[in-house]
Amino acid sequence: MKKFLMLLGMFLLITGCGGKNDENIPKEFMDSVNSSKSYSLSGSLEIINDEDSFTYALDVKYLKSDNYVVKLVNQVNNHEQIILKNTDGVYVMTHKSTQLL
């Protein structure tokens, strides 16, 4: 049992130490993005303007040939804005949510 654990530990040590170089990771990531046909990402965007701060939920979908949809939702008032780019042009759509009183 001790030999097995020792071999397992050596295996993990050898395979763990042969990792990627930190300097190559950004280049490999950009190569992967540039060669992909499409991708989707989501995150949070904070805009700071003087003393004001605005936080948006961000959702992006991209299709090769520079077609994309960007959806921004304000986290405070749920104001939604969509930026669409396709072969016909670039469009900005704003949807204001209505609340029942």
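On the basis of being surrounded by 10 or more Cβ atoms within 10 Å (Cβ to Cβ) and touching a strand residue (DSSP E or B) at 6+ places or on another chain (Cβ under 6 Å), does Ser36 make the cut? Judged against the criteria, Ser36 is not a match.
Residues of region 42-67 that are farther than 21 Å from Val90 by Cα and β-branched (Val, Ile, Thr): Ile47, Ile48, Thr55. Listed by first and then second residue, the pairs with beta-carbon distance under 9 Å, at least 6 apart or on different chains, first residue in region 26-53 and within 23 Å of Asn86 (Cα to Cα) and modelled with pLDDT under 90, second part of a helix (DSSP H, G or I) and not polar (S, T, N, Q), are Tyr39/Val33.
Contact annotation: residue pairs with Cβ atoms under 6 Å, 6 or more positions apart or on different chains, pairing a residue in region 79-96 that is on the phi < 0 side of the Ramachandran plot with a partner that is among the basic types (Lys, Arg) and surrounded by 11 or more Cβ atoms within 10 Å (Cβ to Cβ), are Ile82/Lys71.
So how many residues does region 40-85 have that are small (Gly, Ala, Ser) and either over 17 Å from the mean Cα position of the chain (by Cα) or surrounded by 14 or more Cβ atoms within 10 Å (Cβ to Cβ) (or both)? Total meeting the criteria: 3. Please specify each residue of region 88-101 satisfying the condition of being of a type outside the set (Gly, Ala, Ser) and either under 24 Å from Gln75 (Cβ atoms) or at pLDDT below 90 (or both). If the condition is that a residue be of a type outside the set (Gly, Ala, Ser) and either under 24 Å from Gln75 (Cβ atoms) or at pLDDT below 90 (or both), then Tyr91, Val92, Met93, Thr94, His95, Lys96, Thr98, Gln99, Leu100, Leu101 are the ones that fit.
The values are calculated or read from the model by the stated rules, or taken from the named source; none is laboratory data. What you see is a predicted model; the values in this text were computed from it and never measured. Please note: Cβ atoms are built from the backbone with ideal geometry, for glycine as well, and neighbour counts cover all protein chains shown.
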